[in-house]
There are 2 protein chains.
Amino acid sequence: MDAAERLITSTQDLLWERGYVGTSPKAIQQRADAGQGSMYHHFTGKPDLARAAITRSAAELRDLAAQQFDAPGSAYDRIAAYLRRDRDVLRGCRVGRLTQDPDVIASPALREPLEATLSWLRSRLAALIAEGVAAGEFRASLDPEATAATLVAVVQGGYVLARSADSPALFTQAVDGALALLR
Amino acid sequence: MDAAERLITSTQDLLWERGYVGTSPKAIQQRADAGQGSMYHHFTGKPDLARAAITRSAAELRDLAAQQFDAPGSAYDRIAAYLRRDRDVLRGCRVGRLTQDPDVIASPALREPLEATLSWLRSRLAALIAEGVAAGEFRASLDPEATAATLVAVVQGGYVLARSADSPALFTQAVDGALALLR
DNA sequence: GTCTATACGGGGATAGAC
DNA sequence: GTCTATCCCCGTATAGAC
């Protein structure tokens, strides 16, 4: 892996762990085993590098989610597979967590990948819910868009509950509650 | 308001806006219109002051929520009143947001108020849901604890969705989806 | 491409005067 | 109680050599 690549993956990790404000160029360089010169040769500065890292994380997240969405099974099965996917719950969501960062939200270039990713998630889930309604799996009165927003929120909020109590079980409980309501 | 009080309320504001890592003693002093000496006279340092501010914010949050929980009306009505309460959605949750802060989570003294608050919220909602089940408002198969966790997660995650898109409507949509499922 | 030198303000605090 | 001085390391670069 060349230096530019190591810088990106190191930044992905640090943004996940510490957020944007909590991540310094120096920390990135140390984790990537790259010098100052190297970093500022490949990127114009911290925002530029962060943008590359966030874009990458967003793409990886979609690929992961798509694996469950595109699996075989009923709509409910695929939604449940997504919600119950193996997750490193206490680390939280590497995309969603950046939403709390004022500097990220204030920068259109940094916020855009977050918006695109969560919006994509909602629309994939909405399509799946509509499919389930059409198949008679879910009650016909469900609003697919609203229900999809609810499910994405449960995942994001599930991380909050789990981290607050240092207990992954709270994530699972929130998700199970949502799946029970969906039936 | 004396200096100690101004320091606490300023810290509350800054923690809400910028989180713990993003909040510096200097910024706190400026907002509180207090000097270094004053801050270090009243508090041993940043963690001590943060602890006071977080504890205060947690108490305020409970008081606010209790207003809806203790209102008259059916269980559903009170849950809906809580979920639909007027909120400054794009600012997010002043307690939940700290959950994303690695230094807060790593410190038992700082994490404890978060855990207590979210746990209290869940148990109040669980009691309300159990009440609704007993009254025949909700289907009997609902697990009150799990459903309560789901609702708290929807609120916390609703903020994430809203901030990602800079749109309070996404919070509303997630909450509406949850209320529709609850019926 | 990467290294080292240099810069300047901020983060987080302590010390002692008033 | 509050002020000012001082400290030391970090954050975030830029400049120029190799």
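Looking at the structure I just gave you, is A:Asp33 more than 14 Å from chain B (Cβ to nearest Cβ), within 14 Å of DNA strand C (Cβ to nearest atom) and either within 27 Å of A:Ala149 (Cα to Cα) or among the acidic types (Asp, Glu) (or both)?
Working: more than 14 Å from chain B (Cβ to nearest Cβ): yes; within 14 Å of DNA strand C (Cβ to nearest atom): yes; either within 27 Å of A:Ala149 (Cα to Cα) or among the acidic types (Asp, Glu) (or both): yes.
Against the criterion (more than 14 Å from chain B (Cβ to nearest Cβ), within 14 Å of DNA strand C (Cβ to nearest atom) and either within 27 Å of A:Ala149 (Cα to Cα) or among the acidic types (Asp, Glu) (or both)), A:Asp33 qualifies.
Checking the condition free of Cβ contacts under 8 Å to residues at least 60 places away in the same chain and near DNA strand C (Cβ under 9 Å from one of its atoms), which residue from B:Asp13, B:Asp48 passes?
Numbers: B:Asp13 fails: near DNA strand C (Cβ under 9 Å from one of its atoms).
Result of the check over B:Asp13, B:Asp48: B:Asp48.
Do we find that B:Gly136 is free of Cβ contacts under 8 Å to residues at least 24 places away in the same chain and at positive phi in this structure?
Working: free of Cβ contacts under 8 Å to residues at least 24 places away in the same chain: yes; at positive phi: yes.
Taking the combined requirement at face value, the residue satisfies it.
What's the number of the condition A:Ile129 fails, among (1) farther than 30 Å from B:Leu114 by Cα; (2) without any contact (Cβ under 8 Å) to a residue 24 or more places away in the chain?
Status for A:Ile129: all satisfied but (2).
Which pairs have Cβ atoms under 6 Å, sit 6 or more apart or on different chains, and link a residue in segment A:30-43 that is under 11 Å from A:Glu5 (Cα atoms) to one that is assigned to a helix (DSSP H, G or I) and near DNA strand C (Cβ under 6 Å from one of its atoms)?
A:Ala34/A:Ala3
Inside segment B:165-179, can you point out the residues that are more than 7 Å from every other protein chain (Cβ to nearest Cβ) and of a type in the set (D, E, K, R)? Break it down stepwise before answering.
Of all residues in segment B:165-179, those more than 7 Å from every other protein chain (Cβ to nearest Cβ) come to B:166-169, B:171-172, B:175, B:179.
Once the filter is applied, which keeps residues that are more than 7 Å from every other protein chain (Cβ to nearest Cβ) and of a type in the set (D, E, K, R), segment B:165-179 yields only B:Asp166.
Given B:Leu142, B:Leu110, B:Leu128, which one is facing another protein chain (nearest Cβ under 10 Å) and surrounded by 15 or more Cβ atoms within 10 Å (Cβ to Cβ)?
Numbers: B:Leu110 fails: facing another protein chain (nearest Cβ under 10 Å); B:Leu128 fails: facing another protein chain (nearest Cβ under 10 Å).
Selected residue: B:Leu142, the only one of B:Leu142, B:Leu110, B:Leu128 that is facing another protein chain (nearest Cβ under 10 Å) and surrounded by 15 or more Cβ atoms within 10 Å (Cβ to Cβ).
Quick check: anything in segment A:145-164 out of contact with any Lys or Arg (no Cβ under 6 Å at 6 or more places or on another chain), of a type in the set (S, T, N, Q), in a loop (DSSP other than H, G, I, E, B) and at the interface with chain B (Cβ under 10 Å from one of its Cβ atoms)?
no
Only the coordinates and a few stated rules stand behind these numbers; no lab work does. All values derive from a computational prediction rather than experimental measurement. A quick note on method: Cβ atoms are made from the backbone with ideal geometry, for glycine too, and the neighbour counts reach across all protein chains shown.
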